[in-house]
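Scroll down for the structure; my scribbles are underneath it.
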Amino acid sequence: MRALILGGTAESRELALLLLQSGWRVTSSLAGRVKEPKLPLGEVHIGGFGGPPGLARWLMDHEVDLVVDATHPFAEKISISAAEATRATGIPLIALHRPAWTPENYDEWIYVNDMEEAARIAERYHHIFLTIGRQKLAPFANDSHNLYVIRSVDPPEGPLPKRHRLILSRGPFSVQDEKQLMRDNQIDALVTKNSGGSLTYAKIVAARQLGIPVIMVQRPPLPGGSRITAVHTASDAYIAAHGLMG
């Protein structure tokens, strides 16, 4: 059996290993936006497919039996492409997206639906910690008064706030380190996407312990479709894959 995993996450790498160990032929697709990505085992495709029609052609040309969308929960375009391409080709699709974070006692979360709304609320504060990646920073660039501490793996794209500090770093991060960073920079608000998972959860714990509000950008909804099987872990995706293939 041949699977295409739309990846770039820890869960996608774990699933690739599980499927390879059970005899599947696996190709993992990475968007190519990170300069030095962590590569999974098996074959790797880097770059796009040309939208849903291009992906559908690739699936048919490579005789793919199963597609797994294990991309970041905010990779909305590729999730839509996967849903449309598999619907057109009749190939089963598993959506492997880790559970979203949920607030605990003493969390102060401000829910927003997009970065524009997050930027409007962030202007109420003075020292804002942005952990939203490098591609969605433009809405914050209009604020020339407040200081933004921006952390990303690679250098940001597009305009940045006039007053900013840039930290290039890759997780995981410890709670103690996150608390120290927030104290050193006098952070009074954290802006993040509800990515879920444990890799960057330490910042949520640090904000809770320091009493710092979190401007939480909600996830886009998963595309609908009767051929989509939604799971939360690599193990569940592995079981679902074998179930779908009989």
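The values are calculated or read from the model by the stated rules, or taken from the named source; none is laboratory data. Bear in mind the structure is a predicted one, so any value in this text is a computation, not a measurement. Here Cβ is always computed from backbone atoms with ideal geometry, including for glycine, and neighbour counts include all displayed protein chains. Note: areas computed on protein heavy atoms with side chains; ligands, DNA, RNA excluded. Shrake-Rupley method; radii C 1.70, N 1.55, O 1.52, S 1.80 Å.
Summing Lys and Arg as +1 and Asp and Glu as -1 over all other residues whose Cβ lies under 12 Å from the Cβ of Ile80 gives a net charge of -1. With K and R counted +1 and D and E -1, the other residues having a Cβ less than 12 Å from that of Ser12 yield a net charge of 0. Between Ala189 and His127, Phe129, the built amide H atoms are under 5 Å apart, and every one of these is 5 or more places off in sequence or on another chain. For region 32-150, the fraction of alpha-carbon pairs lying more than 22 Å apart is 53 percent, rounded to a whole number. Proximity of backbone amide H atoms, modeled 1.01 Å from N, is registered between Ile150 and Leu130, Arg165, Leu166, Ile167 at under 5 Å, excluding neighbours fewer than 5 places apart on the same chain.
Taking the chain as a Gaussian network of alpha-carbon nodes connected by springs under 10 Å, the highest mean-square fluctuation of the residues Lys77, Lys179, Lys136 belongs to Lys77.
Once you list every other residue whose beta carbon is under 15 Å from the beta carbon of Arg25, what net charge do they have if Lys and Arg are +1 and Asp and Glu are -1?
-3
Go through region 53-103 and name the GluC sites (Glu not before Pro) that are in a DSSP coil and have 13 or fewer other Cβ atoms within 10 Å of their Cβ.
Glu63
Here the Karplus relation 6.51 cos²θ - 1.76 cosθ + 1.60, evaluated at θ = phi - 60°, turns the backbone of region 166-173 into coupling constants of 10, 10, 9, 7, 10, x, x, 10 Hz, with x for every Gly and Pro.
Averaging the Cα positions of each part gives two centres, and for region 27-61 and region 166-239 these lie 25 Å apart. Surface analysis of the chain yields an accessible area of 49 Å² per residue, using protein heavy atoms and a 1.4 Å probe. Think of region 1-117 as a dipole: +1 on every Lys or Arg Cβ, -1 on every Asp or Glu Cβ, centred on the Cα centre; then among Trp58, Gly47, Gly90, Trp58 lies furthest on the positive end.
In this Cβ point-charge picture (+1 for Lys and Arg, -1 for Asp and Glu), the chain has a dipole of about 360 debye about its Cα centre.
Quantify, in whole percent, the carbon and sulfur part of the accessible surface of region 20-104 (1.4 Å probe; protein heavy atoms only).
Result for region 20-104: 52 percent of the exposed heavy-atom area is carbon or sulfur.
Using just its DSSP H runs of length 4 or more, each adding -39500 (n - 2.57), the chain gives a mean residue ellipticity at 222 nm of -9000 deg cm²/dmol after division by all residues. Overall, the accessible surface of region 109-217 at a probe of 1.4 angstrom is composed of carbon and sulfur to the extent of 47 percent. Amide H to amide H distances under 5 Å link Ile5 with Thr27, Ser28, Ser29, Val68, where only residues 5 or more positions off or on other chains count and H is placed in the peptide plane. Listed values for region 19-25 are Karplus-derived 3J(HN,Hα) couplings in whole Hz (6.51 cos²θ - 1.76 cosθ + 1.60, θ = phi - 60°), namely 5, 4, 5, 9, x, 6, 9, and x replaces Gly and Pro. Here, the chain is characterised by an Rg to Rh ratio of 1.01, where Rg is the alpha-carbon radius of gyration and Rh the Kirkwood radius. Over all Cα atoms in region 109-217, the spread is summed up by Rg and Dmax: 12.5, 33 Å.
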